[in-house]
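What follows is a short report on a single structure.
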Amino acid sequence: QVQLVESGGGLVQPGGSLRLSCKASGSMPSLYDMGWYRQAPGKARELVATFTMGGTAHYADSVKGRFTISRENAKNTVYLQMDNLKPEDTAVYYCNDPLEQRWLPWGQGTQVTVSS
(Lines give C-alpha, C1' and ligand atoms only; values in the text may rest on other atoms or scores of the structure.)
Protein backbone atom coordinates (compact mmCIF):
# COMPACT_ATOMS: atom_id res chain seq x y z
CA GLN A 1 0.00 0.00 0.00
CA VAL A 2 1.26 3.46 -0.87
CA GLN A 3 2.18 5.75 2.02
CA LEU A 4 2.55 9.50 1.55
CA VAL A 5 5.10 11.37 3.65
CA GLU A 6 5.16 15.17 3.51
CA SER A 7 8.08 17.28 4.69
CA GLY A 8 9.67 20.69 4.36
CA GLY A 9 7.31 22.83 6.39
CA GLY A 10 8.37 25.32 9.02
CA LEU A 11 8.11 28.85 10.31
CA VAL A 12 8.81 31.60 7.80
CA GLN A 13 8.34 35.35 7.70
CA PRO A 14 5.90 36.94 5.27
CA GLY A 15 7.51 37.17 1.85
CA GLY A 16 9.67 34.14 2.50
CA SER A 17 9.86 30.81 0.69
CA LEU A 18 9.57 27.12 1.47
CA ARG A 19 9.81 23.97 -0.61
CA LEU A 20 7.59 21.10 0.40
CA SER A 21 8.21 17.50 -0.60
CA CYS A 22 5.86 14.55 -0.73
CA LYS A 23 7.45 11.14 -1.08
CA ALA A 24 5.40 8.07 -1.82
CA SER A 25 6.62 4.77 -0.46
CA GLY A 26 5.61 1.72 -2.41
CA SER A 27 4.40 2.09 -5.95
CA MET A 28 4.12 5.74 -6.94
CA PRO A 29 0.90 6.30 -8.81
CA SER A 30 2.79 7.87 -11.67
CA LEU A 31 -0.15 7.41 -13.95
CA TYR A 32 -2.27 9.60 -11.71
CA ASP A 33 -2.51 13.31 -11.25
CA MET A 34 -1.15 14.52 -7.92
CA GLY A 35 -2.07 17.52 -5.86
CA TRP A 36 -1.23 19.56 -2.80
CA TYR A 37 -3.94 20.36 -0.28
CA ARG A 38 -3.90 22.54 2.80
CA GLN A 39 -6.06 22.82 5.87
CA ALA A 40 -6.01 25.81 8.18
CA PRO A 41 -7.46 25.62 11.71
CA GLY A 42 -11.23 25.71 11.62
CA LYS A 43 -11.35 25.61 7.83
CA ALA A 44 -12.08 22.93 5.28
CA ARG A 45 -9.28 21.25 3.41
CA GLU A 46 -8.65 22.92 0.06
CA LEU A 47 -6.82 21.82 -3.06
CA VAL A 48 -4.24 24.46 -3.95
CA ALA A 49 -2.21 22.87 -6.77
CA THR A 50 -2.36 19.89 -9.11
CA PHE A 51 0.10 18.36 -11.53
CA THR A 52 -1.49 16.18 -14.16
CA MET A 53 -0.11 13.00 -15.64
CA GLY A 54 0.36 14.96 -18.85
CA GLY A 55 2.56 17.52 -17.13
CA THR A 56 0.10 20.39 -16.75
CA ALA A 57 -0.09 22.40 -13.54
CA HIS A 58 -3.20 24.03 -12.13
CA TYR A 59 -3.46 26.38 -9.18
CA ALA A 60 -6.07 27.86 -6.92
CA ASP A 61 -6.47 31.59 -7.43
CA SER A 62 -5.19 32.21 -3.92
CA VAL A 63 -1.74 30.81 -4.75
CA LYS A 64 -1.45 31.43 -8.47
CA GLY A 65 1.81 33.16 -9.35
CA ARG A 66 3.37 32.31 -5.99
CA PHE A 67 3.34 28.49 -5.79
CA THR A 68 4.86 26.00 -8.24
CA ILE A 69 4.10 22.29 -8.25
CA SER A 70 6.39 19.73 -9.84
CA ARG A 71 7.06 16.00 -9.66
CA GLU A 72 9.86 13.51 -10.17
CA ASN A 73 8.34 10.13 -10.91
CA ALA A 74 11.74 8.43 -10.71
CA LYS A 75 11.99 9.58 -7.09
CA ASN A 76 8.31 9.02 -6.32
CA THR A 77 8.21 12.63 -5.15
CA VAL A 78 6.00 15.66 -5.68
CA TYR A 79 7.17 19.14 -4.72
CA LEU A 80 5.53 22.45 -3.91
CA GLN A 81 7.71 25.53 -4.18
CA MET A 82 6.06 28.34 -2.23
CA ASP A 83 7.29 31.89 -2.71
CA ASN A 84 6.11 35.25 -1.38
CA LEU A 85 4.35 33.50 1.46
CA LYS A 86 1.53 35.28 3.27
CA PRO A 87 0.08 34.76 6.76
CA GLU A 88 -3.05 33.33 5.16
CA ASP A 89 -0.93 30.49 3.74
CA THR A 90 -0.53 29.16 7.28
CA ALA A 91 -1.92 25.61 7.31
CA VAL A 92 -1.03 21.95 7.37
CA TYR A 93 -0.12 20.88 3.85
CA TYR A 94 -0.85 17.43 2.43
CA CYS A 95 -0.39 15.73 -0.91
CA ASN A 96 -2.82 13.31 -2.53
CA ASP A 97 -4.74 12.60 -5.70
CA PRO A 98 -6.93 15.52 -6.75
CA LEU A 99 -9.89 13.18 -7.20
CA GLU A 100 -11.60 12.07 -3.99
CA GLN A 101 -12.46 8.66 -5.42
CA ARG A 102 -8.75 7.97 -5.92
CA TRP A 103 -7.51 9.29 -2.56
CA LEU A 104 -4.65 7.35 -1.05
CA PRO A 105 -4.32 7.09 2.75
CA TRP A 106 -3.51 10.59 4.01
CA GLY A 107 -0.07 11.31 5.36
CA GLN A 108 0.64 13.28 8.51
CA GLY A 109 1.06 16.53 6.61
CA THR A 110 3.63 19.24 7.17
CA GLN A 111 2.94 22.45 9.09
CA VAL A 112 3.59 25.77 7.39
CA THR A 113 3.44 28.86 9.57
CA VAL A 114 3.87 32.32 8.07
CA SER A 115 4.37 34.92 10.76
CA SER A 116 6.61 37.82 11.66
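The values are calculated or read from the model by the stated rules, or taken from the named source; none is laboratory data. Quick caveat, the model's predicted, so the values are computed rather than measured. Accessible surface is based on the protein model in full, side chains and every heavy atom, while ligands, DNA and RNA are left aside. Shrake-Rupley method; radii C 1.70, N 1.55, O 1.52, S 1.80 Å.
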Looking only at aspartates and glutamates whose Cα falls under 18 Å of Lys75's and that sit 8 or more positions away or on another chain, we get Glu6, Asp33, Asp97
Straight-distance crosslink candidates among aspartates and glutamates, where the alpha carbon sits under 19 Å from Lys43 and sequence neighbours closer than 8 are dropped: Asp61, Glu88, Asp89, Glu100
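For a test of the definition: using alpha carbon positions, the gyration tensor, and the 1.5 limit on a/c, classify the range 66-106 as rounded, prolate or oblate. Walk me through the numbers before you get to the answer.
Numbers: a/c = 2.69, a/b = 1.39, b/c = 1.93.
Since a/c reaches 1.5 but b/c is at least a/b, the shape of the range 66-106 is classed as oblate.
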Using a 1.4 Å probe on the protein heavy atoms, what percent of the accessible area of the chain belongs to carbon and sulfur? 50 percent
Tell me, what is the percent relative contact order of the range 1-89, built from C-alpha pairs under 8 Å that lie six or more residues apart? 32 percent
In Å², what does the accessible area per residue of the chain work out to with a 1.4 Å probe? 52 Å²
To one decimal place, what Kirkwood hydrodynamic radius in Å is obtained for the chain from all pairs of distinct Cα atoms? 14.0 Å
